[in-house]
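Reading through the structure tokens given below for one structure.
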Number of protein chains: 2
Amino acid sequence: METEEAITVLASLAQPTRMQAFRLLIQHEPEGLTAGEIARRLVVPPNTLSAHLNVLSQAGLTTATRKSRSVIYRASVSRLTALTTFLTQDCCGGRGCEAQAAIICSETLT
Amino acid sequence: METEEAITVLASLAQPTRMQAFRLLIQHEPEGLTAGEIARRLVVPPNTLSAHLNVLSQAGLTTATRKSRSVIYRASVSRLTALTTFLTQDCCGGRGCEAQAAIICSETLT
DNA sequence: TCCATAATTCCAGATATATCGAAATATATG
DNA sequence: CATATATTTCGATATATCTGGAATTATGGA
């Protein structure tokens with residue numbers, strides 16, 4: 001992932017409503033949730049949420065597919081992984097904070 | 001790391017000059033760089049950079065210590081690690097994308 | 001076709017962020 | 001103390017982001 005791209009992804013998550021929406025979608029993988037359902041759960045007006053979901057989609061963190069009258073949103077786990085990889089490589093690239101990375105791994109893989 | 005805190009860290013990195021400054025500091029661990037040196041390397045006015053460094057410090061991504069007339073900035077690698085841990089746990093918490101995490105680990109630990 | 005539901009787009013106002021010149025503060029040296 | 005260097009703070013402007021009401025588009029059912 002390029003730096004410019006990473007910044008877009010970082011910015012898209014650096015907003016409370018979008019962070020909540022993304023986490024909600026992560027929790028509902030792989031079925032996804034409709035835009036309306038997300039709006040109801042987060043208590044956010046549909047049009048406001050729509051704008052936020054658009055930002056997440058532009059950043060590649062979500063995908064949207066229409067199903068009948070609803071639009072189902074899903075989280076792109078691979079995109080989140082790509083971001084953490086970018087951050088970790090940015091950290092460790094050519095330097096060596098393997099110990100830190102090992103901590104992440106042990107915490108994650110348990 | 002709490003969500004609110006993570007958002008602050010994400011926002012602090014979601015800006016080109018700050019991302020550049022942070023990466024520069026990561027590359028210069030553990031010696032650090034003076035504010036002026038960073039400003040020169042990034043070709044940014046000292047006062048503008050100062051504002052950015054302040055944002056990074058508020059987010060806990062950098063520390064500053066005065067040495068004579070200069071102020072030396074250092075990257076907080078542990079803070080970056082805390083962020084990736086937050087993101088990874090947000091991803092894997094109770095769901096299971098161990099495979100993805102393993103990829104990060106293998107790429108990082110090689 | 002007419003109506004109801006779901007979502008988005010349009011638009012405007014409010015808030016936040018970024019930028020940088022000028023002035024202020026801190027430190028060292030002659 | 002006077003001066004030079006390093007950095008930050010102040011203040012003003014420009015730009016971007018967030019928010020939500022109103023209108024628009026898309027789909028399905030009577």
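Listed values, structure above:
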{"item": "HN-Hα J in Hz across segment B:26-40 - Karplus 6.51, -1.76, 1.60, θ = phi - 60°, x for Gly and Pro", "result": "4, 5, 10, 6, x, 5, x, 9, 6, 4, x, 5, 5, 4, 4"}
{"item": "For A:S78, label point 7 Å along C-beta direction: distances to other copies, nm", "result": "3.6"}
{"item": "Within-14-Å neighbourhood charge of B:A11 [Cβ basis; K, R +1; D, E -1]", "result": "+1"}
{"item": "Area hidden from solvent between B and A (accessible, protein heavy atoms only, 1.4 Å, total, Å²)", "result": "3500 Å²"}
{"item": "For B:E4, inter-copy label distances in nm, listed shortest first [label point 7 Å out on the Cα-Cβ vector]", "result": "3.6"}
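The values are calculated or read from the model by the stated rules, or taken from the named source; none is laboratory data. What you are looking at is a predicted structure, and each value in this text was computed from that prediction instead of being measured. Don't worry about glycine lacking a Cβ; one is built from the backbone with ideal geometry, like all the others, and counts go over all protein chains shown. Ligands, DNA and RNA are stripped out before the accessible areas are found, and what is left, the full protein with its side chains, is counted by its heavy atoms. Shrake-Rupley method; radii C 1.70, N 1.55, O 1.52, S 1.80 Å.
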